[in-house]
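Quick notes on the structure that follows.
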Amino acid sequence: MSPHESGPAAGQANHPGDALENLSHEDRRFPPSPEFAAQAVATAEDYAEAAADRPAFWARQARELLTWSKDFTQTLDWSNPPFASWFGDGQLNAAYNALDRHVENGLGDRVAIHFEGEPGDTRSYTYAELTREVKKAANAFESLGIRKGDRVAVYLPMIPEAVITLLACARIGAVHSVVFGGFSADALRSRIDDAEAKLVVTSDGTYRRGKPSALKPAVDEALAKEGHNVGSVIVVKRNGEPVEWTEGRDLWWDDTVGTASPEHTAVGHDAEHPLFILYTSGTTGKPKGILHTTGGFLTQAAYTHKAVFDLHPESDVFWCTADVGWVTGHTYVAYAPLINGATQLMYEGTPDSPHQGRWWELIEKYKVSILYTAPTAIRTFMKWGREIPAKYDLGSLRVLGSVGEPINPEAWMWYREVIGGNGGKRQDRTPIVDTWWQTETGAHMIAPLPGVTEAKPGSAQVPLPGIAVDVVDELGESVPNGSGGYLVIREPWPAMLRGIWGDPDRYRDTYWSRFDNMYFAGDGAKKDEDGDVWLLGRVDDVMNVSGHRLSTTEIESALVSHPSVAEAAVVGAADETTGQAVVAFVILRGSAAEDADIVTTLRNHVGKEIGPIAKPKNILVVPELPKTRSGKIMRRLLKDVAEGRDAGDATTLADNTVMTQIAASLRK
Ligand code: PRX
């Protein structure tokens, strides 16, 4: 199966038109079952209510889903666009909302987190226990001099301490900045510097495919050079491997958090107080620190988690498989499930450790009822074969979610039949919600509502109540049904990013300058005949590899920073499993071409500069790169080559023999 052949939402295009050509017709429809609809959290009335008065709809959600220490009088201030203020004069504490209030309401004994480590060790935290741990961590951070507004860098694996750290920061008003463990020491350092972090929370390491894997050495390397503000490093002991120790700076979690007082009173913070910074790749080399604030983010996180996943917190077990290093792990692991008082599963490892049925074993063991994962995982499971999940009882599942990239209809159908249908043991009645959103949007924006929306395989379908999404042409005009263009958001939404950390101009330029008064998401999209939205992939120089966002420019900069590389161009080529794969074309300097290991050297160099996740799958050494007369690299032609097609129209090239030269060199 090639994502390109597989239908409407599968294409990853650089121009919306490219993918539109791939659109086939999708006739399959899956209306909600009457039984599901009868118990559904979401209702069709939500759309009408929100359409009648958008801010009032969100104000109602804010008051119903959250507890405010000071109520707000103004819902939205949009007098200085694109800088929004939601619930501006209200105050609340995120950790109190996620924890203390549930304990006060008699839910202290409900399990908040079931944790399963990769080696099979388990821990469960009730709401009362998690509250206690977060209070201790809050006290420990304060005792190290961390105050409201200070930034804390978090470099942790998927273990409960990650959630505890985030909530402890939120409790005291410190701003967390999580850096995914797959990023290198250099990438970690640049994020520590940009946010001017004072504290780093990390672990000795984690487990990956049955083996210990280290994290602390990257922190040591990141902090080796002077010039940062980090005074303390708290280290969780996870895999027990030996670590280097810097006296006076490094502290074991057990010695600091473990010994701190479990008494801590949460005070309200302003609704617009910064909650976190999360770096994401853009079209330039430098990652952007996306800033989210408290009240609006939590409101939309909680509402979408309830409505889109049909959450019944008293009986559901929710499992979001995303790492806390990405936005999905922020919104739908660290915050929304706890705000909504749900029970969730957290798993440290990979899906194939120690065997390829691990996820299904976990679903059976914990009776997971809502599963939220990425299409790349589903395609991997398809490759492994349906007989693997068929060995387990998946009968507890009742809602399935997808996120991160377009889900091709074949993967959607497999997810529904094999996973939702419990390996054919029952009728495939489990709704699938394909959720479109971004680091910048903070929470779901486009998704069907289970029990309400008639589902179409491969389409994220409808903007959520209170969200104003449109598809527009080059001039910003709304396109008619049946046409494609650029995805935009026309009205401010509660969980919207409030800016790029330290760079208001870049915020305006990146998102608000392409079209007047509209947020430009960077995605191509199509409206079908019913007006439903189909996502078509990025239209800018951002790649999507296994649902992870990578910048072509950032990887190109990493490649040319190596002395052997004269020039580099990177494209995201269609890949059966990962959606896109990184393919680099490089021109080498001098005698570098004679080095037989040059490709390995360059892959490792990218790994060091950015992180293992950014290593190109293929590096092709070429004599020239295709450029226009104005010197712009024509990545479209390279994408053709990388995907094994004849290169398309090359008439605008400055030198039209270049593509022949490249083809000849690759044949060698
Ligand atoms: O291209 C879209 C794709 O992922 C991008 C956002 O990436 P990131 O900020 O890392 O957040 C990923 C998780 C929310 C989008 O611009 N994307 C995300 N979800 C979908 C999607 N593309 C199609 N369908 C989706 N459901």
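The values are calculated or read from the model by the stated rules, or taken from the named source; none is laboratory data. Remember, it's a predicted structure, so these values are computed and weren't measured experimentally. Glycine gets a Cβ as well: all are built from the backbone with ideal geometry, and neighbour counts include every protein chain shown. Quick note on the areas: whole protein, heavy atoms, side chains included, nothing else; ligands and nucleic acids left out. Shrake-Rupley method; radii C 1.70, N 1.55, O 1.52, S 1.80 Å.
List the residue pairs whose Cβ atoms are under 6 Å apart, where the first residue sits in segment 322-333 and is within 15 Å of T350 (Cα to Cα), the second is in a helix (DSSP H, G or I) and within 11 Å of the ligand (Cβ to nearest atom), and the two are 6 or more positions apart or on different chains.
Sorted first by the residue in segment 322-333, then by its partner, the pairs are A322/T328; A322/G329; D323/G329.
Which residues, counting only those in segment 180-215, are in a helix (DSSP H, G or I), touching a His at 6+ places or on another chain (Cβ under 9 Å) and open to solvent by less than 20 Å² (accessible area, probe 1.4 Å)?
Residue satisfying the conditions is I192 alone.
Could you look through segment 459-480, keep only residues that are part of a loop (DSSP other than H, G, I, E, B) and free of Cβ contacts under 8 Å to residues at least 24 places away in the same chain, and pick out the one that is surrounded by the fewest Cβ atoms within 10 Å (Cβ to Cβ)?
Per the criteria, the residue is L475.
Hey, among the residues in segment 427-458 that are modelled with pLDDT of 95 or more and among the hydroxyl-bearing types (S, T, Y), which one's nearest to W493 (Cα to Cα)?
Filtering first and then ranking leaves T441.
Conditions: (1) touching a helix residue (DSSP H, G or I) at 6+ places or on another chain (Cβ under 8 Å); (2) within 25 Å of V545 (Cβ to Cβ); (3) open to solvent by 10 Å² or more (accessible area, probe 1.4 Å). A334 meets all but one. Number of the miss?
(3)
Residue under question is A197, and the condition is that it be of a type in the set (G, A, S), over 14 Å from G611 (Cβ atoms) and in contact (Cβ under 8 Å) with a residue 24 or more places away in the chain; does it hold?
The answer is yes for A197.
Right, G499: more than 13 Å from the ligand (Cβ to nearest atom), more than 23 Å from L291 (Cβ to Cβ), out of contact with any Cys (no Cβ under 6 Å at 6 or more places or on another chain) and in contact (Cβ under 8 Å) with a residue 24 or more places away in the chain or not?
No: the conditions fail for G499.
So V368 ticks every box in (1) of a type in the set (A, V, I, L, M); (2) within 27 Å of T293 (Cα to Cα); (3) surrounded by 23 or more Cβ atoms within 10 Å (Cβ to Cβ) but one. Which box is left unticked?
(2)
How many residues are assigned to a helix (DSSP H, G or I) and over 24 Å from G182 (Cα atoms) when one looks only at segment 337-361?
Residues that pass the stated criteria total 5.
Give segment 543-584 a look and list any residue that's within 13 Å of the ligand (Cβ to nearest atom) and either without any contact (Cβ under 8 Å) to a residue 12 or more places away in the chain or aliphatic (A, V, I, L, M) (or both), or say none.
Matches in segment 543-584: M543, V545, L550.
Here is a check on your reading of the model: is R490 over 29 Å from I378 (Cβ atoms) and either in contact (Cβ under 8 Å) with a residue 40 or more places away in the chain or of a type in the set (S, T, Y) (or both)?
So R490 fails the test.
With respect to G329, determine if the residue is under 18 Å from the mean Cα position of the chain (by Cα), surrounded by fewer than 24 Cβ atoms within 10 Å (Cβ to Cβ) and part of a strand (DSSP E or B).
Spelling it out, it is not the case that G329 is under 18 Å from the mean Cα position of the chain (by Cα), surrounded by fewer than 24 Cβ atoms within 10 Å (Cβ to Cβ) and part of a strand (DSSP E or B).
Conditions (1) open to solvent by 20 Å² or more (accessible area, probe 1.4 Å); (2) modelled with pLDDT under 50; (3) away from the ligand (no atom under 16 Å from the Cβ); (4) closer than 27 Å to M496 by Cβ, marked per residue:
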{"position": "H4", "(1), (2), (3), (4)": "yes, yes, no, no"}
{"position": "D18", "(1), (2), (3), (4)": "yes, yes, no, no"}
{"position": "P34", "(1), (2), (3), (4)": "yes, no, yes, no"}
{"position": "A44", "(1), (2), (3), (4)": "yes, no, yes, yes"}
{"position": "A51", "(1), (2), (3), (4)": "yes, no, yes, yes"}
{"position": "P55", "(1), (2), (3), (4)": "yes, no, yes, yes"}
{"position": "Q61", "(1), (2), (3), (4)": "no, no, yes, yes"}
{"position": "E64", "(1), (2), (3), (4)": "yes, no, yes, yes"}
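Evaluate segment 570-577: report whether one residue or more is among the small types (G, A, S), open to solvent by 20 Å² or more (accessible area, probe 1.4 Å) and touching a Gly at 6+ places or on another chain (Cβ under 9 Å).
yes
Determine the pairs where a residue that is within 13 Å of T265 (Cα to Cα), located within segment 97-111, has a partner that is of a type in the set (S, T, Y) with Cβ atoms under 8 Å apart, the partner being 6 or more residues away or on another chain.
Filtered contacts from segment 97-111: N97/T67; L99/Y127; L99/T131; D100/T131; R101/T67.
Give just the number: which of (1) in contact with an Asp or Glu (Cβ under 7 Å, 6 or more places away or on another chain); (2) more than 25 Å from N544 (Cβ to Cβ); (3) surrounded by 18 or more Cβ atoms within 10 Å (Cβ to Cβ) does M659 not satisfy?
Every condition holds for M659 apart from (1).
Confirm whether V243 is crowded, with 23+ Cβ neighbours inside 10 Å and at negative phi.
Considered against the rule, which asks whether it is crowded, with 23+ Cβ neighbours inside 10 Å and at negative phi, V243 comes out as no.
Here's the yes/no breakdown for (1) within 16 Å of the ligand (Cβ to nearest atom); (2) open to solvent by 50 Å² or more (accessible area, probe 1.4 Å); (3) outside any loop (DSSP other than H, G, I, E, B):
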position: E247; (1), (2), (3): no, yes, no
position: T259; (1), (2), (3): no, yes, no
position: V267; (1), (2), (3): no, yes, no
position: L278; (1), (2), (3): yes, no, yes
position: T283; (1), (2), (3): yes, yes, no
position: H292; (1), (2), (3): yes, no, yes
position: F297; (1), (2), (3): yes, no, yes
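I'd like to check something: does segment 600-613 contain any residue that is within 16 Å of the ligand (Cβ to nearest atom), at pLDDT below 95, open to solvent by 20 Å² or more (accessible area, probe 1.4 Å) and out of contact with any Phe, Trp or Tyr (no Cβ under 6 Å at 6 or more places or on another chain)?
Yes: segment 600-613 contains one or more residues that are within 16 Å of the ligand (Cβ to nearest atom), at pLDDT below 95, open to solvent by 20 Å² or more (accessible area, probe 1.4 Å) and out of contact with any Phe, Trp or Tyr (no Cβ under 6 Å at 6 or more places or on another chain).
Looking at A218 and the list (1) surrounded by fewer than 13 Cβ atoms within 10 Å (Cβ to Cβ); (2) in contact with a helix residue (DSSP H, G or I) (Cβ under 9 Å, 6 or more places away or on another chain), which single condition is not satisfied?
Looking at each condition in turn, A218 falls short on (1).
What are the residues in segment 23-71 that are in a loop (DSSP other than H, G, I, E, B), charged (D, E, K, R) and within 14 Å of A271 (Cβ to Cβ), if any?
Listed by number, the list holds a single entry, D71.
Output the number of the condition that D646 fails; it satisfies all remaining conditions of (1) in a helix (DSSP H, G or I); (2) surrounded by fewer than 17 Cβ atoms within 10 Å (Cβ to Cβ); (3) modelled with pLDDT under 95; (4) not aliphatic (A, V, I, L, M).
Evaluating D646 over (1) in a helix (DSSP H, G or I); (2) surrounded by fewer than 17 Cβ atoms within 10 Å (Cβ to Cβ); (3) modelled with pLDDT under 95; (4) not aliphatic (A, V, I, L, M) leaves (1) as the failure.
Which one of these is in contact with a strand residue (DSSP E or B) (Cβ under 6 Å, 6 or more places away or on another chain) and of a type in the set (A, V, I, L, M, F, W, C): V583, V606, V641?
V583
Does segment 535-557 hold any residues that are touching a Ser or Thr at 6+ places or on another chain (Cβ under 7 Å) and β-branched (V, I, T), and which are they?
Answer for segment 535-557, where residues must be touching a Ser or Thr at 6+ places or on another chain (Cβ under 7 Å) and β-branched (V, I, T): V542, V545, T553.
Could you tell me which of the residues E567, E556, E491, E529 is of a type in the set (D, E), touching a strand residue (DSSP E or B) at 6+ places or on another chain (Cβ under 7 Å) and not in a strand (DSSP E or B)?
After applying the criteria, what remains is E556.
Residues of segment 481-520 being among the β-branched types (V, I, T) and open to solvent by less than 40 Å² (accessible area, probe 1.4 Å), which ones?
V488, I489, I500
Inside segment 362-458, counting only helices (runs of 4 or more DSSP H) that do not spill past its ends, which hold 1 or more residues that are within 13 Å of the ligand (Cβ to nearest atom) and within 26 Å of the chain's Cα centre (by Cα)?
So the answer is 375-384, 409-414.
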